[in-house]
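Asker: Handing you this structure, nothing more for now.
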Amino acid sequence: MFKYRKDIKFFEKMNAEQRLGASLVTVTQPNDVISEAFRQIRTNIQFSMVDQDYKSIMITSSGAWEGKSTVTANTAAVIAQQGLRVLLVDADMRKPTVAKTFGIDTTVGLTSLLTNREANIMDTVNYVSEANLYVLAAGPIPPNPSELLGSKRMAELIAEMEDLFDLVIFDTPPILAVTDAQIVATRVDGVIVVVRAGIANKNNVRKTKELLDMVNANVIGAVYNGEESKKMGYGYGYGYGYGHNNDQEK
Ligand SMILES: Nc1ncnc2c1ncn2[C@@H]1O[C@H](COP(=O)(O)OP(=O)(O)O)[C@@H](O)[C@H]1O
Ligand SMILES: [Mg+2]
């Protein structure tokens, strides 16, 4: 019913030709230094989950273009590489990218589940075998994303997803742009904030933290998406710090 590509070359080609999806380096180049950085992020997330049975997390940032979708897809992929059943959900109905990243149908997804009570999660989710990941696209862009994400149906769906999977990871819009991510933050177990060097500014990151605190979100960490490793010839650098202890990144 849904098409997904079996060939890893597909990801590489897509990453090169179509900048709309996120770069899946952890799937295409698991030995790359960036993939190793994502495995460190995974370890840090798992440390912050020790003793807590976190079933759902979301990844957000203050503004656009900070690497939310890249970090979400690769974090989901490295966790799935450990053999866990991971569901990646595109809850960014403003600028959905997950379907493009994984080459799946853009016309069915979370909004289909939210607007059609008959729709079933497992029928709507795609299994992407090369990443061992279950992926739910955003679906058709609705006129009222915040309303849909804040609906009772959304709460029911999250509960159902948490039952069906070991971990559910949500890609979301920026915190400062619209209320969507703040709404999702109230419904997941943990929130991770991506802060991109050269794009995020201190005030906006502070405001983001305030908006998340305002809704009592459980901020479990921040991913610093920087240029640090440029000296090694890479434009990517990922670091991880805990929300409350790591003020130099805030
Ligand atoms: N550390 C980085 N170095 C270089 N390019 C990056 C880095 N992080 C993300 N990108 C690129 O920046 C763009 C935006 O990333 P994306 O993950 O889509 O951000 P968001 O979801 O926050 O809008 C993409 O083209 C992505 O490949
Ligand atoms: Mg995005």
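The values are calculated or read from the model by the stated rules, or taken from the named source; none is laboratory data. Note that the structure is predicted; figures quoted are calculated from it, not measured. Positions of Cβ are backbone-derived with ideal geometry, glycine not excepted, and every protein chain shown enters the neighbour counts. Each accessible area value is taken on the protein alone, full model and side chains, heavy atoms only, with ligands, DNA and RNA left out. Shrake-Rupley method; radii C 1.70, N 1.55, O 1.52, S 1.80 Å.
Asker: For residues that are more than 10 Å from the chain's Cα centre (by Cα) and either within 8 Å of ligand 1 (Cβ to nearest atom) or more than 23 Å from Ser129 (Cα to Cα) (or both), tally how many sit in the range 44-76. So that I can check it myself, show each step before the final result.
Answerer: Let us first name the residues in the range 44-76 that are more than 10 Å from the chain's Cα centre (by Cα), namely 44-56, 61-66.
Adding the requirement that they be either within 8 Å of ligand 1 (Cβ to nearest atom) or more than 23 Å from Ser129 (Cα to Cα) (or both) leaves 44-54, 61-66.
Counting residues in the range 44-76 that are more than 10 Å from the chain's Cα centre (by Cα) and either within 8 Å of ligand 1 (Cβ to nearest atom) or more than 23 Å from Ser129 (Cα to Cα) (or both) gives 17.
Asker: Checking the structure you have, find out if any residue of the range 121-128 is within 16 Å of ligand 1 (Cβ to nearest atom), charged (D, E, K, R) and assigned to a helix (DSSP H, G or I). So that I can check it myself, show each step before the final result.
Answerer: Step one: list which residues in the range 121-128 are within 16 Å of ligand 1 (Cβ to nearest atom), which gives none.
There is no residue in the range 121-128 that is within 16 Å of ligand 1 (Cβ to nearest atom), charged (D, E, K, R) and assigned to a helix (DSSP H, G or I).
Asker: So for the range 95-106 (the condition being surrounded by fewer than 18 Cβ atoms within 10 Å (Cβ to Cβ) and closer than 22 Å to Leu84 by Cα), does at least one residue qualify?
Answerer: There is no residue in the range 95-106 that is surrounded by fewer than 18 Cβ atoms within 10 Å (Cβ to Cβ) and closer than 22 Å to Leu84 by Cα.
Asker: Output the residues belonging to the range 107-118 that are open to solvent by 20 Å² or more (accessible area, probe 1.4 Å) and under 12 Å from Leu136 (Cβ atoms).
Answerer: Those that are open to solvent by 20 Å² or more (accessible area, probe 1.4 Å) and under 12 Å from Leu136 (Cβ atoms): Val108, Ser112.
Asker: To continue, here is another question. Just for the range 196-250: of the residues that are open to solvent by 70 Å² or more (accessible area, probe 1.4 Å), over 19 Å from the mean Cα position of the chain (by Cα) and near ligand 1 (Cβ under 10 Å from one of its atoms), which one is modelled with the highest pLDDT?
Answerer: Among those that are open to solvent by 70 Å² or more (accessible area, probe 1.4 Å), over 19 Å from the mean Cα position of the chain (by Cα) and near ligand 1 (Cβ under 10 Å from one of its atoms), it is Gly198.
Asker: Write out, first by first residue and then by second, each pair whose Cβ atoms fall under 9 Å of each other, whose residues are 6+ apart or on separate chains, and whose first residue, in the range 74-93, is of a type in the set (Lys, Arg) while the second is surrounded by fewer than 24 Cβ atoms within 10 Å (Cβ to Cβ) and at pLDDT 95 or above.
Answerer: Note: pairs meeting the criteria are Arg85/Asn132; Arg85/Tyr134; Arg85/Leu164; Arg85/Phe165; Arg85/Asp166; Arg85/Leu167.
Asker: Something else: Which residues, counting only those in the range 30-45, are in contact (Cβ under 8 Å) with a residue 12 or more places away in the chain and of a type in the set (S, T, N, Q)?
Answerer: Correct list: Ser35, Gln40, Asn44.
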